[in-house]
Amino acid sequence: MLIRPRRNRQSAAIRALTTETHLHPQHMVYPLFLEDGHGVRREIKSLPGVYRFSLDALIPEIESCVSLGITSFVLFPAVSDELKDAVASYSYADDNFYLEAARQIKSRFPEICLISDVAMDPYSSDGHDGLVVDGAIVNDATLPILGRMSVAQAQAGFDMLGPSDMMDGRVAYMRAVLDENGYSQTGILSYTAKYASAFYGPFRDALDSAPKSGDKKTYQMNPANKREALIEAELDTAEGADMLMVKPALHYLDVIHALKERFELPIAAYHVSGECAMLSAACRNGWLDFERAMPETLLSIRRAGADVILTYFAKDFAQRFPNGV
Ligand code: PBG
């Protein structure tokens, strides 16, 4: 036999030389859930090992992640019902605890990349990412609300803003208002291809943010579609996004791959709550070995083409593989 692929697999040293894909803690973004108050560290039932924190408890958590080599975080707020209204006005209120937390986190850890969530759902009494008028989610009237939210977040010190709402034209709208207000250095990590997925369940439990009626199918993408993701990616690129994201990740590896092949911007993938929960559940049942299944899972997302991975396993990974895999 002239060609024997097994020669390159015969020792750990040769396998190390021929490893095609690497993954390090610095490639990961760790999602954090924040609520108002003090001394709160509440485990999310459907996402074991992940917690909802008040700011005082979150600061030491960030500190321990930073010491493990994690340099980027995305922050999500859990807003109490009495602060929600139809136009999400709390999202840019002066006394908003999420914006205050960003200020304090960035003054404490100026070196980290802190990413926001731009969408109406955490603040909306309808629980939708856009404005609801007569039962419909209206696109263009949502944009000024997202614009105000964006300026408030940039002012609070977020390094990148993450529009997760899927309204048409929001990246261009945000870019314009950010620039007009002097925030030309604030980046946009666009949720480019965000699908109407069943795998956001634990996240909505964590934040109590499920839509009050209907579903998100008129703005989030149809799971059957791949070419449509290319249209979204072309638009986001033209509108000034700094990174393109696919969400969920594992069930959409083909979409990650397609975007990586055709676009030059960095590609991010969101390994979402339900995808992490599935693996955690199987491991807790003794059906899978977390030590092996977790890095293999994350590596598959990276191999598909993700430069950046948002995952609830970032801390677990960094603890076990400080030098990466
Ligand atoms: C809200 C938002 C969602 C997620 C991130 N931002 C949920 C949704 O769209 O309903 C999901 C993340 C996850 O499941 O981990 N705009």
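Looking only at the stretch 169-181, decide whether some residue is buried (at least 22 other Cβ atoms within 10 Å of the Cβ), in contact (Cβ under 8 Å) with a residue 24 or more places away in the chain, of a type outside the set (S, T, N, Q) and near the ligand (Cβ under 8 Å from one of its atoms).
Among the residues of the stretch 169-181, not one is buried (at least 22 other Cβ atoms within 10 Å of the Cβ), in contact (Cβ under 8 Å) with a residue 24 or more places away in the chain, of a type outside the set (S, T, N, Q) and near the ligand (Cβ under 8 Å from one of its atoms), which makes the answer no.
Does the stretch 43-71 hold any residues that are free of Cβ contacts under 8 Å to residues at least 60 places away in the same chain and in contact with a strand residue (DSSP E or B) (Cβ under 8 Å, 6 or more places away or on another chain), and which are they?
Within the stretch 43-71, E43, Y51, F53, S54, L55, A57, L58, E61, I62, T71 meet the criteria.
A176 - would you say it is of a type in the set (A, V, I, L, M), over 26 Å from L279 (Cβ atoms) and either in contact with an Asp or Glu (Cβ under 8 Å, 6 or more places away or on another chain) or assigned to a loop (DSSP other than H, G, I, E, B) (or both)?
no
Can you pull out every residue in the stretch 151-168 that is buried (at least 24 other Cβ atoms within 10 Å of the Cβ), within 17 Å of Y191 (Cβ to Cβ) and more than 12 Å from the ligand (Cβ to nearest atom)?
Correct list: Q153, F158, L161.
Identify, from the list A241, A206, A210, the residue that is in contact (Cβ under 8 Å) with a residue 60 or more places away in the chain, part of a helix (DSSP H, G or I) and among the aliphatic types (A, V, I, L, M).
A206
Please count how many residues of the stretch 117-150 are in contact with a Lys or Arg (Cβ under 8 Å, 6 or more places away or on another chain) and away from the ligand (no atom under 15 Å from the Cβ).
Looking only at that region, the number is 2.
When you scan the stretch 220-227, do you find a residue that is within 13 Å of the ligand (Cβ to nearest atom) and either in contact (Cβ under 8 Å) with a residue 40 or more places away in the chain or surrounded by fewer than 15 Cβ atoms within 10 Å (Cβ to Cβ) (or both), even just one?
Yes: the stretch 220-227 contains one or more residues that are within 13 Å of the ligand (Cβ to nearest atom) and either in contact (Cβ under 8 Å) with a residue 40 or more places away in the chain or surrounded by fewer than 15 Cβ atoms within 10 Å (Cβ to Cβ) (or both).
How about the stretch 182-213: which of its residues are of a type in the set (G, A, S), modelled with pLDDT under 95 and away from the ligand (no atom under 12 Å from the Cβ)?
S213 - this is the single residue of the stretch 182-213 that is of a type in the set (G, A, S), modelled with pLDDT under 95 and away from the ligand (no atom under 12 Å from the Cβ).
So which residues in the stretch 253-279 are more than 13 Å from the ligand (Cβ to nearest atom) and touching a residue at least 40 places away in the same chain (Cβ under 8 Å), if there are any at all?
Listed by number, the residues that qualify are L253, D254, V255, I256, H257, L259, K260, E261, P266, I267.
Pull up the stretch 112-146, narrow it to residues that are among the hydrophobic types (A, V, I, L, M, F, W, C) and in a loop (DSSP other than H, G, I, E, B), then point me to the one that is surrounded by the most Cβ atoms within 10 Å (Cβ to Cβ).
A119
Restricting to the stretch 77-94, and then to whatever is within 20 Å of R52 (Cβ to Cβ) and more than 22 Å from the chain's Cα centre (by Cα), can you tell me which residue is surrounded by the most Cβ atoms within 10 Å (Cβ to Cβ)?
Per the criteria, the residue is K84.
Checking the conditions here, which among S54, S89, S107 is out of contact with any Gly (no Cβ under 9 Å at 6 or more places or on another chain) and more than 26 Å from F290 (Cβ to Cβ)?
S89
The values are calculated or read from the model by the stated rules, or taken from the named source; none is laboratory data. Computed from a predicted model, the values in this text were never measured in an experiment. Virtual Cβ from ideal backbone geometry, glycine too; neighbours counted across all protein chains shown.
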